[in-house]
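Presented below is the structure to which this report refers.
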Amino acid sequence: MSDYAVELIGVSKSFPTSKGEQIAAVDRISLSIKHGEFFSLLGPSGCGKTTTLRMIAGFELPTEGEIRILGESMGETPPYQRRVNIVFQNYALFPHMTVYGNVAFGLEMDKIPSPEIRERVTEALRLVRLPGMEDRRPKQLSGGQQQRVALARALVKRPAVLLLDEPLGALDLKLRKEMQLELKHIQAEVGITFIYVTHDQEEALTMSDRIAVMSEGQVLQLGTAAEIYESPLSRFVADFIGETNFLDGELETVRDGLATVLVDGTLRLSAGSAASDLRRGQPIILTVRPEKISLHSRQLDGAVAGQIEELVYIGTDTRYQVRVSEGSRLVVRVQNSGSADQAGFRQGDRVYLTWDPAVARILVR
Amino acid sequence: MIAGCATRRGRGSLLLRLGKTALGANAWLIFAFLYIPILVLIVFSFNDSRSVAHWTGFSMDWYLRLFSNEPLLRAARNSLVIAGVSTLAATAMGTLTALGMDRYPFRLRSSFDAILYLPIVIPEIVMGISLLLFFNLAFFPLLQALLHFRMTLGVPTITVGHIAFNIPFVYVIVRARLVGFDRTLEQAAQDLGANEWRTFWRITFPLLLPGILGGALMAFTLSLDDFLVTAFTAGTASPTMPLYIYSLVRRGVTPEINALSTVLLAASMGLVVISLVLQRRR
Amino acid sequence: MSVRTERRSRGPLIVLPAALWLILFFTLPLLIVVAISLVERGRAGGVKLPLVFTLEYYQRLVDPLYLGIFWSSIRIGLIVTGACVLVGYPMALFISRVAPGRRNAVLLLVMIPFWTNFLVRTYAMKLLLSAEGVVNNLLVGARLVDAPLNLLFNNFAVILGLVYGYLPFAVLPMYTSIEKFDLTLVEAAADLGANLRRAFLRIMLPLTAPGIVASVILVFVPVVGAFITPDIMGGGKVEMIGTLINRQFGVARNWPFGSAMSLALMAMVVVGVVYYLRTSQEGERPL
C-alpha cells in the first residue's frame, strides 16, 4: 500500500471555450495527500479547486498528468470503480427515494446482502445523528439534515477518501459552525481521509490538517493552517487568508535575518526576512496582520507614529485605521478586553504602533 | 389636499372592485359558453325521441344501439389500436430523442431540432396531404416494384402518420422535463458505484417518468382525436372513430351522435383524471 | 477507450429512430408535395405520366377567386385569435387570482374542453344552433320568431365554432405566464405613481407577453388551416383554405393544385410565425 491516499502528479485539465481555444482550469498541480488527513483545497471561485476534486472522483479526466488513489493509477477508471465518494454542494439526494433508500443505494450497487445493508445504514445514520429518519423523503428534511444524509450516504460505503465539495455552503452561519466541528469529529471517528473544497478561509483554517491555497489553476502554497496564516509566501495568499496590511517599500539592509525596509521614502520599518536572496534596493511588500500590532499612547523605542483616522467597534475587537505617512495606512485590531468605557482611543488621537519584527513578513513584489 | 387623496384612493378601490366583478363575470360567462353546448348534448343523449331540443322522456335506447352498431365498434377498435401502437412507438422514439438531444452534441443537431418542431407548427392538413401523396405516388409504387407487394391505405398507414406527428409532442414534453433535471444526481449514483446502465434505470428513468407518461398521454389523446391526418391516410375500408363521427355529423344531428359523443366525453374525462393523478405524483 | 469517449461517440445514435422516421414520413412527403405542385395533373387524380413540368398551379393561386379565399381565411384567423386573446386574458387573470385551494378545480374546467374530442365539441355547437336545436326551439317557443332562424352555415357560425374550439388553447399559455407574474410589481408601479391602466400597460402586459405570443400562435396557426369547423359549421357555404385544399383531393381531383395551395398555406404560416416571433421579441427588448 502506498504512503499516500491520493497523489496528483502534474495534473492539468483544460476545457475548450466557445471560440475553440483551450482554457486551463487546472494547471500542472502536484499534491500528495496522506492517509487520514483532513486536506483542504482553498481558493476563490474559478480557481480550479472543484475541477481538481471532480478529477479525483472521476467525473472529469485530466488532459495531462496522473492521479493515483491508494497508489493505484486511475487512468480512465470510471467514477463507479473508484474507492472515493463525494458529498455534493447541492447534496444531490435522490428525490424519489427515502432517506434509507438514499443511504442504502451505494451498498445495493456493491451487491451487499440486505441484512448487512440495514445494519450499516442504521449505523451511518447514527453517526450523523439522524437515527429514525429512514422513511422521510429528502424534501421533508431541513438543509442541515439533508447535508447529514448526503454525508451518511457517502460514508456508509467506507471509501478510502471522502471528497466534500463546499458541503456547508448552503447552510446559515450558526449551523455552519456547528457542522464544521461535527465534520471534524466524524472524521476523527471514522479515520477516513477527507479532501475538502471551500472558498471560506475561516472554514479551511478551522478544520484542516493541511491546506492547499489555489488560484488560477495552480497551487500557490501548501501547508498547515498556522504556516499559511503566519507565513504567507505571496501577496495573494496573505490577502486571501484573513485581513492584512500591505506596505510597498524597498529593502535597505538585511542583517541577522532582520530586514530594514524604507516605506514612502521616510518610514523605516523592520521585519523578519522571508528569503535570503534579497538585494538592497529591491522593491518589496511588507505585510503585517492587524491583530499583531499594538497601539500605545506614548512614544516607545522603534515605534511608528500615526494618527487614528477611523475606528469601528465590532464587538470582540475594535478596528482602527491609522495613518502612518502621507500615502500609507495601517489597520490595527485591538481586543476589547476591558469594559466599554475603557476603550482607549478616539478618532484623531496621536498613537504609536509597535510589533514584533518576526511577525512582519517581506514579500517580493 | 388630504380630501383629494382620500377620494382618489376611494376611486381606485372602487375601480379595483369593479374590475374584480368584471373579471369574475367574464370568467363565468366563458364557462357557460364552453359548457352549455356540452351539457345540452349530454342531456339529449338520454331523450326517448329523435328530437335534440324537445325533452320527451328519459331513455337509454341510444346508448344500447351503440353497442349493436357493428361499423361503430369496428371504428372504435381501429382508433384504440392506432392510438395504442402510435403512442408506444412515439413515446419510445420521442424519449430517446429528447435524451440524445439534451446530452450529446453532434453535427446537424440544430437542423434536426428544427425538423422536430416543424410538425407542430405546420397546419395539419398539409401533413395529411403530404402523407397521402407520399404513400400513393412514392411508397406504394416502390413497394410494388421492388417486392411485388400491393399495399393500400388503411390502419398501418394511419398509424405511421400518427407516429410521425406524435414524436415531436413527446419530444417537447420530455425535453422540458430534462431542462430541470439535476445532472449531479446521476453523478452521485455513479460515485456510489452504479454504472451507466443502472444509473439510467435507477435514477434517470424514474425521475423522467412523469414527463414520459405525460407525453404518452398527450400522444394517446392526439391520436384518438385526430381527424385530418387520419382522413387522408385512411382510404375507404377502415374508418376510425373521428372519421365515423364525421360521416354521421355531416348527415345531420341525431341523439345517436349525442350518445356516442357522451361516451367519448366520459373517456376524455377519464384521461384528464389520469393526467391529474400523474401530476400530483410529480 | 474510456467510458466517456465511448459514450460520446455512441450517444447520438439514440436519436436515429426518430430522425429516420421523421425524414421518411415527414420531410420526404413534404418534398413530394413540392414536386407534385410542379407537374401537370392527371385526368382522374394523380399526375400526368410522363411528368410534365409546369408553373400553372402557382399562377392560378393569384387568381382573385383564390386570393379572396386566402384573405378571408386570414381574416377569420385574425378575428378568432383576437377574440380568444381578448376574452382569454381576463379569464386567465381570473383563474390566477382564485384562492390556491380552489384554483386547480377552476383550471380543470378549462382543461376538460382542451382534452375533449374536437369533433365532438364542434358537433355540440352545431347541435345548439341547428334549425331543430335548442336555441331555435327557445326562440320559437317564446314567440320571438315565427320560424326557426338560419343560425348555421354562415361566417358567424364558423367564427363562433372556431372560438369555441380554440379558446381553451388560448387560456392555458396566458394563464402560465400570468401565474408566474409577480403582482407586487403592479403595486410597485402604483407606488411610483402609475394608475391602474398604466401599470397594466407598462408592467403587466409586457411581462406576460410571452404567454400572449404563445396563445396567438397556438390559435392562429390551426384556425387559418382549419377544415372541420368551416366544413361542419359552414356546411359548404363558407370557404376557407382548408376546405379548398380538401376539395382538390376530393371531388376536384386536382392534386397538383392542392399541393401548390398547401405549400402556400404552409409558407404563409411559417413566415407569419417567424415574423411575429421576431417583432414580438423586438417589442420586448427595450423594456
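Of the helices (runs of 4 or more DSSP H) contained entirely in region B:139-245, not one carries at least 3 residues that are surrounded by fewer than 23 Cβ atoms within 10 Å (Cβ to Cβ), touching a Ser or Thr at 6+ places or on another chain (Cβ under 9 Å) and charged (D, E, K, R).
For region C:183-287, the helices (runs of 4 or more DSSP H) that sit wholly inside it and include 3 or more residues that are closer than 21 Å to residue B:230 by Cα are C:205-224, C:228-234, C:241-249, C:255-284. Just wondering, is there one or more residues in region B:123-136 that are touching a residue at least 40 places away in the same chain (Cβ under 8 Å), open to solvent by 50 Å² or more (accessible area, probe 1.4 Å) and within 12 Å of chain C (Cβ to nearest Cβ)? Checked against the condition, which is being touching a residue at least 40 places away in the same chain (Cβ under 8 Å), open to solvent by 50 Å² or more (accessible area, probe 1.4 Å) and within 12 Å of chain C (Cβ to nearest Cβ), region B:123-136 yields at least one hit. The selection criterion, being over 28 Å from the mean Cα position of the chain (by Cα) and closer than 29 Å to residue C:114 by Cα, holds for residue C:183.
Looking only at residues in region C:23-74 that are among the small types (Gly, Ala, Ser) and more than 13 Å from chain B (Cβ to nearest Cβ), which one is surrounded by the most Cβ atoms within 10 Å (Cβ to Cβ)? Explain how you work it out, then say what you get.
Pass one, region C:23-74, residues among the small types (Gly, Ala, Ser): C:35, C:37, C:42, C:44-46, C:68, C:72-73.
Going one step further and asking which of them are more than 13 Å from chain B (Cβ to nearest Cβ), we end up with C:68, C:72.
Values: C:68: 11, C:72: 15.
Among residues in region C:23-74 that are among the small types (Gly, Ala, Ser) and more than 13 Å from chain B (Cβ to nearest Cβ), the one surrounded by the most Cβ atoms within 10 Å (Cβ to Cβ) is C:72.
No other residue among C:62, C:85, C:106 is under 21 Å from residue C:264 (Cα atoms) and not basic (Lys, Arg) apart from C:62. Of all residues in region B:34-50, those being facing another protein chain (nearest Cβ under 7 Å) and within 14 Å of residue C:91 (Cβ to Cβ) number 1. Per the conditions (1) surrounded by 15 or more Cβ atoms within 10 Å (Cβ to Cβ); (2) not in a loop (DSSP other than H, G, I, E, B), the sole criterion not satisfied by residue A:278 is (2).
Name the strands (runs of 3 or more DSSP E) wholly within region A:289-336 that hold at least 1 residues that are under 23 Å from residue A:229 (Cα atoms) and of a type in the set (S, T, N, Q)? Talk me through it step by step, then tell me what you get.
On the way: elements: A:294-296, A:304-314, A:317-323, A:329-335.
In region A:289-336, A:294-296, A:317-323, A:329-335 are the strands (runs of 3 or more DSSP E) which contain 1 or more residues that are under 23 Å from residue A:229 (Cα atoms) and of a type in the set (S, T, N, Q).
From the residues in region B:254-278 that are under 16 Å from residue B:65 (Cβ atoms) and hydroxyl-bearing (Ser, Thr, Tyr), which one is surrounded by the fewest Cβ atoms within 10 Å (Cβ to Cβ)? Steps first, please.
Filtering region B:254-278 for residues under 16 Å from residue B:65 (Cβ atoms) gives B:254-264.
So of that shortlist, the ones also hydroxyl-bearing (Ser, Thr, Tyr) come out as B:254, B:261-262.
Values: B:254: 17, B:261: 25, B:262: 21.
Among those that are under 16 Å from residue B:65 (Cβ atoms) and hydroxyl-bearing (Ser, Thr, Tyr), it is B:254.
Yes/no per residue for (1) open to solvent by 30 Å² or more (accessible area, probe 1.4 Å); (2) part of a helix (DSSP H, G or I); (3) touching a His at 6+ places or on another chain (Cβ under 6 Å); (4) assigned by TED's automatic domain parsing to the domain that holds residue A:289:
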{"site": "A:164", "(1), (2), (3), (4)": "no, no, no, no"}
{"site": "A:226", "(1), (2), (3), (4)": "yes, yes, no, no"}
{"site": "A:253", "(1), (2), (3), (4)": "yes, no, no, yes"}
{"site": "A:269", "(1), (2), (3), (4)": "no, no, no, yes"}
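Exactly one residue among C:205, C:196, C:201 is farther than 30 Å from residue B:38 by Cα, open to solvent by 20 Å² or more (accessible area, probe 1.4 Å), within 11 Å of chain B (Cβ to nearest Cβ) and at pLDDT below 90, and that residue is C:196. Only one of the numbered conditions (1) away from chain B (no Cβ under 11 Å); (2) in contact with a Pro (Cβ under 7 Å, 6 or more places away or on another chain); (3) of a type in the set (A, V, I, L, M, F, W, C) is violated by residue C:99, and that is (2). Listed by position, the strands (runs of 3 or more DSSP E) inside region A:1-83 whose residues that are farther than 30 Å from residue A:110 by Cα and open to solvent by less than 40 Å² (accessible area, probe 1.4 Å) number at least 3 are A:4-16, A:22-34.
In this structure, does residue C:187 turn out to be surrounded by fewer than 22 Cβ atoms within 10 Å (Cβ to Cβ), in contact (Cβ under 8 Å) with a residue 60 or more places away in the chain and charged (D, E, K, R)? If you could, list the steps in order and put the result at the bottom.
On the way: surrounded by fewer than 22 Cβ atoms within 10 Å (Cβ to Cβ): yes; in contact (Cβ under 8 Å) with a residue 60 or more places away in the chain: no; charged (D, E, K, R): yes.
No; evaluated as a whole, the condition is false for this residue.
Evaluated against (1) touching a Lys or Arg at 6+ places or on another chain (Cβ under 9 Å); (2) open to solvent by 60 Å² or more (accessible area, probe 1.4 Å), residue A:112 falls short on exactly one condition, (2). Set side by side, the residues C:120, C:140 differ, and just one is more than 8 Å from every other protein chain (Cβ to nearest Cβ), of a type outside the set (D, E, K, R) and either surrounded by 15 or more Cβ atoms within 10 Å (Cβ to Cβ) or at positive phi (or both), which is C:140. If the requirement is being more than 9 Å from chain C (Cβ to nearest Cβ) and among the hydrophobic types (A, V, I, L, M, F, W, C), which of these qualifies: B:76, B:22? Selected residue: B:76, the only one of B:76, B:22 that is more than 9 Å from chain C (Cβ to nearest Cβ) and among the hydrophobic types (A, V, I, L, M, F, W, C).
Among the residues of region B:197-206, how many are touching a helix residue (DSSP H, G or I) at 6+ places or on another chain (Cβ under 7 Å) and at the interface with another protein chain (Cβ under 7 Å from one of its Cβ atoms)?
Residues meeting the conditions: 2.
Within region B:100-122, restricting attention to residues that are surrounded by fewer than 19 Cβ atoms within 10 Å (Cβ to Cβ) and at the interface with chain C (Cβ under 7 Å from one of its Cβ atoms), which residue is nearest to the chain's Cα centre (by Cα)? I'd like the intermediate steps shown before the answer.
Start the filter on region B:100-122 by keeping residues that are surrounded by fewer than 19 Cβ atoms within 10 Å (Cβ to Cβ), which leaves B:102-111, B:113-115, B:117-118, B:120-121.
After this cut, where a residue has to be at the interface with chain C (Cβ under 7 Å from one of its Cβ atoms) as well, the list is B:103-104, B:106, B:115, B:121.
Values: B:103: 27, B:104: 29, B:106: 31, B:115: 20, B:121: 15 Å.
Per the criteria, the residue is B:121.
Residue A:113 falls short on exactly one of the conditions (1) within 13 Å of chain B (Cβ to nearest Cβ); (2) farther than 13 Å from residue A:149 by Cβ, and that condition is (1). Scoring residue C:97 on the criteria (1) closer than 24 Å to residue C:208 by Cβ; (2) among the charged types (D, E, K, R); (3) buried (at least 21 other Cβ atoms within 10 Å of the Cβ) leaves a single failure, condition (3). If the condition is being open to solvent by less than 30 Å² (accessible area, probe 1.4 Å), under 14 Å from residue B:132 (Cβ atoms) and facing chain B (nearest Cβ under 8 Å), then region C:253-272 contributes C:258, C:259, C:262.
The values are calculated or read from the model by the stated rules, or taken from the named source; none is laboratory data. As the structure is a computational prediction, the values presented were derived from the model and not from experiment. Methodologically, a virtual Cβ is constructed for each residue, glycine included, from the backbone with ideal geometry; neighbour enumeration extends over all protein chains shown. Accessible surface areas use protein heavy atoms only, side chains included; no ligands, DNA or RNA. Shrake-Rupley method; radii C 1.70, N 1.55, O 1.52, S 1.80 Å.
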